[in-house]
Amino acid sequence: MTTPPRPARKLRPDYLAAVRPRETREEGRPRLSPTNPDILTIEHKVLLLTATGTDTTGLIASISKRRLRVIRIKVVQYVTDGKHAIEFFFGEAAAITVATRVIDILNVPDLGEDATRTYPTGQGPVGALNERISYRFKVAQAAYVNHSAIIEYTTER
């Protein structure tokens, strides 16, 4: 005795495939999965800016083969010593030399705070592969003046 063949399966009109077919994916974009995310996660770091001269100091190094994208940087001055200007940029240069490497220049008031604007997801300044976020003071400051920086960023491919 043979069983009759099954009729073709009908899909509900609101059915969507779980994985987008290659034709409907954006051109050149990899398939997203838990092991292949586009953006890993938003990270927050609180760092103490203790440089006393105008030398460049690296803050955050990127993960191998990743880019850092800045969401926001906030700097707070805890000790009274006047206004300080701080440059934040990508790379290791002695100063900001190329406009695309600039993150921002913050003018931190005496016993105050300053912050960059908050960028939407995927729209903030982004560094090159394996490039770090650095800073330098525009004018040398006293050794005892400390600033805290709160940096929010993502790592991307």
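Give the range 99-111 a look and list any residue that's surrounded by fewer than 14 Cβ atoms within 10 Å (Cβ to Cβ) and out of contact with any Gly (no Cβ under 7 Å at 6 or more places or on another chain), or say none.
Selection gives Ala99, Thr100, Asn107, Pro109, Leu111.
Quick check: is even one residue across the range 60-75 more than 18 Å from Ile133 (Cα to Cα) and at pLDDT below 85?
No - not one qualifying residue is present in the range 60-75.
Under the condition of being surrounded by fewer than 17 Cβ atoms within 10 Å (Cβ to Cβ) and under 27 Å from the mean Cα position of the chain (by Cα), which residue from the range 141-155 is modelled with the lowest pLDDT?
My answer is Asn146.
Just the residues that are touching a Phe, Trp or Tyr at 6+ places or on another chain (Cβ under 9 Å), of a type in the set (A, V, I, L, M) and within 29 Å of Arg157 (Cβ to Cβ), please, taken from the range 101-132.
Residues of the range 101-132 that are touching a Phe, Trp or Tyr at 6+ places or on another chain (Cβ under 9 Å), as a first pass: 101-106, 111, 116, 124-128, 131-132.
Cutting the leftovers down to of a type in the set (A, V, I, L, M) gives us 102-103, 105-106, 111, 126, 128.
Hits for the range 101-132 are Val102, Ile103, Ile105, Leu106, Val126, Ala128.
The values are calculated or read from the model by the stated rules, or taken from the named source; none is laboratory data. These numbers come from a predicted model, not from an experiment. Heads up, the Cβs are rebuilt from the backbone with ideal geometry, glycines too, and the neighbour counts pull from every protein chain shown.
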